[in-house]
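Please read the structure below before turning to the comments.
The values are calculated or read from the model by the stated rules, or taken from the named source; none is laboratory data. All of these numbers come straight from a predicted model, not from anything done at the bench. Here the Cβ positions follow ideal geometry from the backbone for every residue, glycine too, while neighbour counts run over all protein chains shown. Accessible surface areas use protein heavy atoms only, side chains included; no ligands, DNA or RNA. Shrake-Rupley method; radii C 1.70, N 1.55, O 1.52, S 1.80 Å.
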Amino acid sequence: TGTVTDSTGAIIVGAQVSLRNVATNIVSKTTTNASGIYYITSLNPGRYELRIEQTGFRPTLVSDIQMGAGLTATFDTSLE
């Protein structure tokens, strides 16, 4: 889960969020909601890579996210 904002702190609605399991190459996708929040649930434990994109902004990539069983990870991101 997380919130996506721009450099001024304004929320970004409809940003494309992709989470890739590095070992299996399976990608889960979603978009940010009206509050700029994204949720991706029911992930298998493993190492992940998070990519967030929106037209007019540079994409953001967060690598080496370790997810274990029963954990919730929060990655708030600001796009430039």
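Considering the values (1) 2.47; (2) 1.24; (3) 1.05, which represents Cα Rg over 2.2 N^0.38 Å as calculated for the structure under consideration? Among (1) 2.47; (2) 1.24; (3) 1.05, the one derived from this structure is (3).
Evaluate the relative contact order of the range 41-80 (contact order divided by residue number), counting alpha-carbon pairs under 8 angstrom at least 6 apart; express in whole percent.
Values: 45 pairs, mean separation 16.2, N = 40.
Relative contact order comes out at 41 percent.
Rolling a 1.4 Å probe across all protein chains gives VAL62 an accessible area of roughly 40 Å². For the pair ALA10 and THR74, the difference between a 0.36 nm per residue extended length and the Cα-Cα distance amounts to 21.2 nm. Summing Lys and Arg as +1 and Asp and Glu as -1 over all other residues whose Cβ lies under 10 Å from the Cβ of LEU79 gives a net charge of -2.
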